[in-house]
Amino acid sequence: MVTPDAAWEKIHEEFESALKSILLSTRLDLTLIVFTNDLGRKTVQTRVLDKMHPTVLRRITYVPILVDAGATARYIERMGLAWEPKWTVAKIFVYELLPACFEWTIQVDTDILVLGDMAELWAQRHQFNSTQLIAGYQEYAYNPKNMVKLNKLGIHVPDTKGFNTGVLLMNLRRMREQELAVSLVLQANKKLQPAWTDPDKVDASKFYQLDQDVFNTVLMAFPHMRFELEPRWNVQGCGAYSEDEQRQLSARPGLFHFNCNRRQIDAWKVVTAAQERLGKIPIDSPALCACNHR
Ligand SMILES: [Mn+2]
């Protein structure tokens with residue numbers, strides 16, 4: 001989970017609600033890795049974990065990782081890029097930021113609500129073939145213009161929908177082995193800056209693609225690395241779902257992702273009912289121990 005400086009209260013609220021929904025949806029124990037700053041680390045400790053019931057706390061191993069200094073910045077520097085790292089960049093370098101003993105991870109934004117059993121999503125890793133390394137689902141508010149720029153560099157990017165990075169199941173071991181692919185794209189991006197349409201506005205020393213663009217660039221140029229999740233694992237606020245799709249996704253929901261100002265999915269019955277149930281369960285409740293809240 002990634003937490004920016006600004007709007008911490010909103011993020012804290014999102015984080016708490018996302019975590020509660022995860023705990024309620026599965027019996028799995030969690031290694032909770034939170035990418036944040038020092039304030040975020042303390043806030044998660046004092047306002048969330050310290051308040052939890054001991055039986056619930058037993059399920060969680062908390063691993064805060066500070067991204068505003070340290071490994072991310074050094075990694076970017078090593079590639080010769082001067083860049084103000086955005087918070088979400090941690091997603092790209094997660095395989096570098098986590099200890100080598102972490103072979104797999106599920107990476108999620110804070111703006112989510114989980115209703116399906118995370119154990120089912122976790123089990124999807126057994127379905128990966130020998131070349132796949134990241135699983136996700138398509139982006140509903142995708143801008144293909146970013147990809148066109150890469151075609152100019154000879155990186156072939158087919159005209160297909162991109163990947164949303166709000167929910168990713170990652171084979172970290174394989175990502176470490178394939179580090180070259182990500183590096184290549186970052187280097188390509190650096191070379192690309194002067195070719196942008198309005199060069200006056202572009203600082204060539206800075207890196208402009210956000211995490212999702214980088215993932216899409218890699219995964220579209222190297223589609224054999226990509227594993228497609230079922231739509232139920234990333235039901236997006238950006239999505240323009242038909243009534244039929246809504247019915248299907250509501251019948252067996254996995255995870256709701258409130259992107260695009262929550263737009264569509266916020267009003268779905270299954271979402272409002274789950275929000276209401278979650279709201280009635282305080283963070284210190286032993287009910288978060290393990291059950292299924294659907
Ligand atoms: Mn999000």
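The values are calculated or read from the model by the stated rules, or taken from the named source; none is laboratory data. Just so it is clear, the structure is predicted and the values come from calculations on it, not from any experiment. All Cβ positions, glycine included, derive from the backbone under ideal geometry; neighbour counts span all protein chains shown.
Taking residues in the stretch 25-51 that are loosely packed, with under 13 Cβ neighbours inside 10 Å, and partners anywhere that are β-branched (Val, Ile, Thr), the pairs with Cβ atoms closer than 7 Å and at least 6 places apart or on different chains are 31/61; 31/63.
Restricting attention to the stretch 247-263, the residues being buried (at least 16 other Cβ atoms within 10 Å of the Cβ) and either in a helix (DSSP H, G or I) or away from the ligand (no atom under 16 Å from the Cβ) (or both) number 4.
Within the option set 244, 266, being without any contact (Cβ under 8 Å) to a residue 40 or more places away in the chain, in a helix (DSSP H, G or I) and within 16 Å of the ligand (Cβ to nearest atom) holds for one residue only, 266.
For the stretch 213-239, a residue qualifies if it is closer than 24 Å to residue 263 by Cα and among the polar types (S, T, N, Q), and the qualifying residues are 216, 234, 236.
Is there a residue in the stretch 202-220 that is basic (Lys, Arg) and at pLDDT 75 or above? No, the stretch 202-220 has no match at all. Of the listed requirements (1) over 13 Å from residue 18 (Cα atoms); (2) in contact with an Asp or Glu (Cβ under 7 Å, 6 or more places away or on another chain), residue 289 misses just one: (2).
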